[in-house]
Each structure stands twice: as structure tokens, then as C-alpha cells.
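Some notes on the structure that comes next.
Readers should treat all values here as calculations from the given coordinates under stated rules, not as data from a laboratory. Since we're looking at a predicted model, the values are computed, not measured. No Cβ is skipped: glycine too gets one built from the backbone with ideal geometry, and neighbour counts run over all protein chains shown.
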Amino acid sequence: MSYIVEMQNVYKSFGAVDVLKDFNLNLQEGEKVVIIGPSGSGKSTVLRCINHLEPIQSGKLYFSGQQIDEKSDLCQLRAQIGMVFQRFNLFPHKTALENVIEAPLVVKGMTRAAAEQNALELLQKVGLSDKTGSYPRELSGGQQQRVAIARALAMNPKIMLFDEPTSALDPELVGEVLLTMKALAEDGMTMVVVTHEMGFAREVSDRVIFMDQGVIVEEGSPTEIFEYPQQERTKSFLKRIRH
Amino acid sequence: MNLDYSVILSKLPILLDGCWVTLEISFFSLLLGMIFGIAGALCRISSNPLLTSIAFFYVWIIRGTPVMVQLFILYFGLPQLGIKLSSMTAGILGLAINTGAYITEIIRAGIQAVDKGQMEAALSVGMNYRQAMVRIIGPQATKICIPPLVNQFIMTLKNSSIASLVTITELFRTGEQIIYTTFRSFEVYTIIAVLYLIMNSVFMIIADNLEKRMARQ
């Protein structure tokens, strides 16, 4: 059984603060995993370690069976891993279309025509065919986040990481982004999503992981975690976010 | 009161020659200063501690000493060590080293003012550091840097008058020479001031247009 992502005994700290302690995670291709937990529990750090935006201090990290460390070709690794950020991080000096074609042009060396055609299809998929020429500042948060999803998809990644993709959005804009993510899940994309959207977790995920203080406290199917949590910490967290 | 500008007006062609030299010194020292500044800023933010400290000391020493002393070391000091620079070389190089230190700080601040998420987003789609700097961070930092750079360019143009002290006959020195023969200090100095003002104003108008054009983008 080979996994697309394997994290073995990963340890990560920021200064004196342990963010991930002896952390283990295996992801199968096509799997949709949602990570929940209180802020500061290390959820985002898990994602950022997977694409090596954060180097790990000890433990092992594998992508598609290959070990990843400082000496690996990180650009090649990241080109295969899409990431969507809480604050979108679109390139403000580029239009929606330019945001999406940028990496295919620069990293993959695609021709402009091919990159643009691909980008137009992706922007249509996220429902923004009419916004291709708009700059990020002319778009709503939800639209920006959908462009960001298209930008990540343009590299044709094997896996998508979502770091609280709806947390910075006005409530009425959350739905459109979740809908886009749901469609992506239905296409069979492997996804790891850090989110507070329990409805999305319930509906889309194969597995829910509850983290606290840098460790996995409990994991299981959405039903197991949301209906029958075993650990006290999980129960109290769920109780808090439901109120 | 006994002011007579007619004598000075007859000397206008010589003053304009001085303006030309001033522009020449300013242009080359700014060009070179920009190169020093960009290199300095990249060193300053690099992860290599040697480069960081070189850039740090460069900025520290230059900002902490008068530009006149720097020019004098280059022009009057170095010959003692067997390095003889022409007045023009010393003047341009000195002003470039000086303005380069300030530009280093301007560009460093500009790069660091770009949201950290931009570098992360660029890296996350597979760009390397150089591609991210050139295509994503650079254009955004440039926009942030333009107003302080305009200030620095104006400072350099005015500081070029100090080059007169290393015997370059630019605008200020041309004026002084006219005073030696005409004894019209007030007239000459005011004319010089006006000429500096005109040169800087033209530059400010160009910079203003550039800034507006970039803001529209």
C-alpha cells in the first residue's frame, strides 16, 4: 500500500514552542481529510510541512513514496501540491487570468496559448469566466479565493491543501467557495482541508482528524468524530464550536 | 539695493554647461547607486550571514559619516595609498557609494513591506526564490519604493554640489567661478538655486507621472 503523503514521527517547533510532536499522518490517493482543532493546535503547520513551506526538525516526510528533505527539489515537489491560503494571497499586480497562468508559464514552461486555454477552463469551472480580466482588488473575497483555487489547480496538482480557506470570508461568501471545493472533491481530488466548517467536513470528508497541542487526539469517519467522540478534549471542542 | 542680473544672464551659457555636468554626475551616480542599492538590499535580506553583515556595515558606515568626508577620502586620501582617481571618477563613485547605502535601505524596506503570503504563494506553485523575487515580489516592492526613491534621487542631485569640492566644475563650482570675476554673489547664488529647482522639478514631474501610471495598474 503506497501513500501519497506520509509523515512519520514529525517534530516541529517555533523557538521554544512545540508545534508538532511525534506527528504521524498517512494519506491515500483520492482521500479527503479534514483537520479540525483549536487555534494553535498545529493544523496549519501540518499543511505547511507537507509542501515544505516549513522545514521539519526531525522525523520523515514522504511524497509519492519519495523522501523529502532539505536537499530535495522543493520546486518540483511544490509544483505537484496545490495550496490555498486563508488570505488568498493572489498576486495583486496580475489579473485573475494572469494569476492562473503565471506558474504554468514560469514553472512548467507552457506556451501562453496553452496556459491561457487551460486557465480559462479552470476559471469557468470555479464560475468566474466573466472575471478573467479583473484584478484581485476588484473581486470579492469569495471570488478571490476561487481564483486562488484555479491558480493552484493550473499546475495540475496531485493533492490540494486548504488552509482555512473560508475563515477570512464574509459569511455570505463562504458557500460559493465550499461549493467549488465540493465539486473538486467529487472529481476525485486528494484533499487535506483545515477548516471550521463542520457541515463541509461531514458531507465531503472520508476522515476527520481532531488535533490539539501538536498531536492527533482522535481521528475517524465524520460520524465517529461528530456523533460519537471518545476523547474528552474532542467532546469539549465540539461543544464549544457548536454554540 | 543694487542688484544686477544682466551680467549674470550673459554668463548663462556657462551656467547651463554647469547644469549639464551636474546632470551627468547625478545620472551616473544614481545609476551606479541603484546597482549598489539593489545588490545591497539583496545581501541584506539574504540568509547568508557574511553577505548580511557586509551590507550592514556598508550602510552603517556610509550613513554614519558625512558625504563630504567620503568624497575627500576617495579623491584626496586614496592617492596616498597609490590609488589615483580622476575628479570625475571620484565624484561619481563617491556619490554612488553614498546614495547606494540609502537606496539599500529603501529597497530592503520595500521588499520586506510586501506581504509574506506573496512569497509563500509563489513558492507554493513551484517557483524558485529567484523567480518569486523577479516576478512576484519585485514588481510589488518597486511600487512601494518609488516615493522614497524619488526623494533619494533629489537628494543626490543636490548633493552633487559637493562634487565641486573635489574640483569638478559642475553647476555650483561654475557659479563660484563667476562670482570671482563679477563679485555678484547674491545674483549668482539665486540663479543657481533656480537652476537646481528647475532640474529637480522636471524630475519630480516625471516621477509623479510614473507613480500615477503604476497606481492605475
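Just a few scattered comments:
- The residue list B:Ala90, B:Ala109, A:Ala16 was ranked by how far each Cα lies along the charge dipole of the protein assembly as shown toward its positive end, using unit charges on Cβ atoms, and B:Ala90 comes out on top.
- Ellipsoid equivalent to chain A - semi-axes via the Cα gyration tensor, in Å: 30, 22, 16
- Dividing the summed helix terms, -39500 (n - 2.57) for each DSSP H run of n ≥ 4, by the number of residues in chain B produces a 222 nm estimate of -25500 deg cm²/dmol to the nearest 500.
- Amide H to amide H distances under 5 Å link A:Phe162 with A:Val84, A:Val192, A:Val193, A:Val194, where only residues 5 or more positions off or on other chains count and H is placed in the peptide plane.
- Centre separation in Å (Cα based) which lies between the range B:141-172 and the range A:117-164: 45 Å
- Residue order, fewest to most beta carbons within 10 Å, for A:His52, A:His196: A:His196, A:His52
- Counting beta carbons within 10 Å around each of A:Asp163, A:Asp130, A:Asp212, B:Asp17 and listing the fewest first gives the order A:Asp130, B:Asp17, A:Asp212, A:Asp163.
- Per-residue ellipticity at 222 nm, computed for chain A from helices alone with -39500 (n - 2.57) per DSSP H run of at least four residues, works out to -11000 deg cm²/dmol.
- Diffusion coefficient, µm² s⁻¹, Stokes-Einstein with Kirkwood Rh over alpha-carbon pairs of the range B:1-136 at 20 °C and 1.002 mPa s: 120 µm²/s
- In summary, the range A:111-190 shows an alpha-carbon radius of gyration equal to 1.07 times the 2.2 N^0.38 Å reference for compact globular proteins.
- Highest mean packing first, where packing is the average number of other Cβ atoms within 10 Å per residue, the peptides B:185-198, B:88-101 line up as B:88-101, B:185-198.
- FRET E, pair B:Leu12, B:Ile205, Förster distance 22 Å, beta-carbon r, rounded to 0.05: 0.45
- Within 10 Å of the Cβ of each residue in B:127-137, the mean number of Cβ atoms contributed by other protein chains is 3.
- GNM top mover of A:Lys60, A:Lys131, A:Lys108 - chain A, alpha-carbon springs below 10 Å: A:Lys108
- Sparse packing (at most 14 other Cβ atoms within 10 Å of the Cβ) combined with a DSSP loop state is found for the following GluC sites (Glu not before Pro) in the range A:1-110: A:Glu29, A:Glu70.
- For the range B:140-212, the alpha carbon convex hull comes to 82 Å³ per residue, rounded to a whole number.
- Dipole-positive endmost among A:Val107, A:Met83, A:Met160 within the range A:57-174 (Cβ charges, Cα centre): A:Val107
- Rounded to the nearest 20, the size of the Cβ-charge dipole of the range A:46-139 about its Cα centre is 120 debye, with Lys and Arg at +1 and Asp and Glu at -1.
- Counting 0.36 nm for each residue step from B:Leu165 to B:Leu23 and taking away their Cα separation leaves a gain of 49.5 nm.
- Amide H partners (placed H, <5 Å) of A:Glu197, local residues excluded: none
- Between A:Arg207 and A:Lys32, A:Val34, the built amide H atoms are under 5 Å apart, and every one of these is 5 or more places off in sequence or on another chain.
- A:Gln231/A:Glu70 FRET efficiency (R0 60 Å; Cβ-Cβ; nearest 0.05): 0.95
- Sites B:Ser53 and A:Ser167, calculated FRET efficiency, Cβ-Cβ separation with R0 41 Å, nearest 0.05: 0.55
- Gyration tensor (alpha-carbon) shape descriptor, the range B:69-217, a/c threshold 1.5: oblate
- Counting only other chain Cβ atoms within 10 Å of each residue's Cβ, the peptide B:112-121 averages 4.
- Between 0 and 90°, nearest 10: helix B:185-216 axis offset from chain B longest Cα axis: 20 degrees
- Once the Cα gyration tensor of the protein assembly as shown is diagonalised, semi-axes √(5λ) in Å: 60, 24, 18
- Which of B:Thr190, B:Ile168, B:Ala41, positive extreme of dipole for chain B (C-beta unit charges): B:Ala41
- Average beta carbon contacts from partner chains per residue of A:44-57, 10 Å cutoff: 1
- Over 23 Å [Cα-Cα, the range A:5-116], rounded percent: 40 percent
- The distance between label points at B:Tyr5 and A:Glu224 comes to 9.1 nm (points 7 Å beyond Cα on the Cα→Cβ vector).
- Counting only the Cα atoms, the range A:103-243 fills a convex hull of 132 Å³ per residue.
- Whole-Hz Karplus values for the range A:81-95 come out as 10, x, 9, 10, 9, 4, 9, 6, 6, 5, 7, x, 8, 10, 6 Hz, taken residue by residue from phi with 6.51 cos²θ - 1.76 cosθ + 1.60 and θ = phi - 60°; glycine and proline positions read x.
- Cβ-to-Cβ counts within 10 Å put A:Ile159, B:Ile154 in ascending order as B:Ile154, A:Ile159, the fewest first.
- Principal-axis tilt of helix A:112-125 within chain A, Cα atoms, nearest 10 degrees: 60 degrees
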